[in-house]
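Written below as structure tokens is the structure these notes are about.
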Amino acid sequence: MTDDVRDLLGRALGDEPPLGIDREAVFADGRRRLRRRRVAATGGVAAAVAVAVFGAAMLSSGAVGLSQPEVLPAAPPSVTTTRVPAPVEPVPTTPTEAPSSTITTHRPRQVTALRDGVIWPAGVRPQSSKPGREWYEFDDDGEIRAALTTAKGDRILQVRVYFTAAREHMIDCPGVQNGAKLPNCYVGSYANAKVRTERDSPTDGPAVVLVTADRADSVTVEVMETAGDHGRLDQVLPDSTILKIATLPGLAP
């Protein structure tokens, strides 16, 4: 209490009769009460803080019997697996060979021309001279060698096909020594082809006929009828049949 307050109280009570109240004791008691209230207030706040902290600790540890919600572990992130398709290996391809322009004497492409395009004389039948092969099948050299079977013995038929420029051959009839025309040799035209026909017909030996045809398709066909060992000596195919074979469409190397 300040001195001004004491003076005021002194003046107010100075002339009054004593009441038996000790002012100092009143002030001391007032101070004590204030101190107790401050202590009580401070203690109460501390206690409240302590209780709050203790209660939170008890709740967090589950000591009061309250179960905490179970915290589940986080699920692992989902992984999406994308299957990568296996690489497709390229299918190997076989290169296509371009047709060669080189002149060759390969096997003719169409063998049915001979099989279906010739009319044989009565009593004459072609037969292959090689087992397992038809008479009209060419070998790898572009040639046919067939037997012409007859009641009086066999003759030999040979057919050769090649590109005209691929092989040197005789198409005219001059003699080799003096250039004079050979006997029994003839040159003419037949079915758009230049044809050379040569024959040899000795009185004491086998007859031989050779027809060479240079055709308009740049293909040459040679057809020869001759005698085999111990075969028939005379010619069995007429010249028209031999010319027909030499100019058959479809014969090509």
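Restricting attention to the stretch 139-176, the residues that are surrounded by 15 or more Cβ atoms within 10 Å (Cβ to Cβ), among the aliphatic types (A, V, I, L, M) and in contact (Cβ under 8 Å) with a residue 24 or more places away in the chain total 8.
Counting only residues that are farther than 17 Å from V124 by Cα and in contact (Cβ under 8 Å) with a residue 60 or more places away in the chain, which one in the stretch 231-253 is surrounded by the fewest Cβ atoms within 10 Å (Cβ to Cβ)? The qualifying residue surrounded by the fewest Cβ atoms within 10 Å (Cβ to Cβ) is P249.
Residues that are touching a residue at least 24 places away in the same chain (Cβ under 8 Å), among the hydrophobic types (A, V, I, L, M, F, W, C) and within 22 Å of K152 (Cβ to Cβ) within the stretch 207-230 comprise A207, V209, V223, M224, A227, listed in sequence order.
Can you confirm whether A191 is within 25 Å of S128 (Cβ to Cβ) and within 60 Å of the chain's Cα centre (by Cα)? For A191, the condition - within 25 Å of S128 (Cβ to Cβ) and within 60 Å of the chain's Cα centre (by Cα) - is not met. Restricting attention to the stretch 204-230 and to residues that are touching a Ser or Thr at 6+ places or on another chain (Cβ under 8 Å) and over 22 Å from I119 (Cα atoms), the residue that is least open to solvent (accessible area, probe 1.4 Å) turns out to be V219.
Filtering the stretch 119-138 to residues that are loosely packed, with under 15 Cβ neighbours inside 10 Å and either touching a strand residue (DSSP E or B) at 6+ places or on another chain (Cβ under 8 Å) or β-branched (V, I, T) (or both) leaves I119, W120, R125, Q127, K130, E134.
The values are calculated or read from the model by the stated rules, or taken from the named source; none is laboratory data. A quick note: this is a predicted structure, and the numbers were derived from the prediction, not measured. Using ideal geometry, Cβ is built from the backbone for each residue, glycine included, and neighbour counts are taken over all protein chains shown. Accessible surface areas use protein heavy atoms only, side chains included; no ligands, DNA or RNA. Shrake-Rupley method; radii C 1.70, N 1.55, O 1.52, S 1.80 Å.
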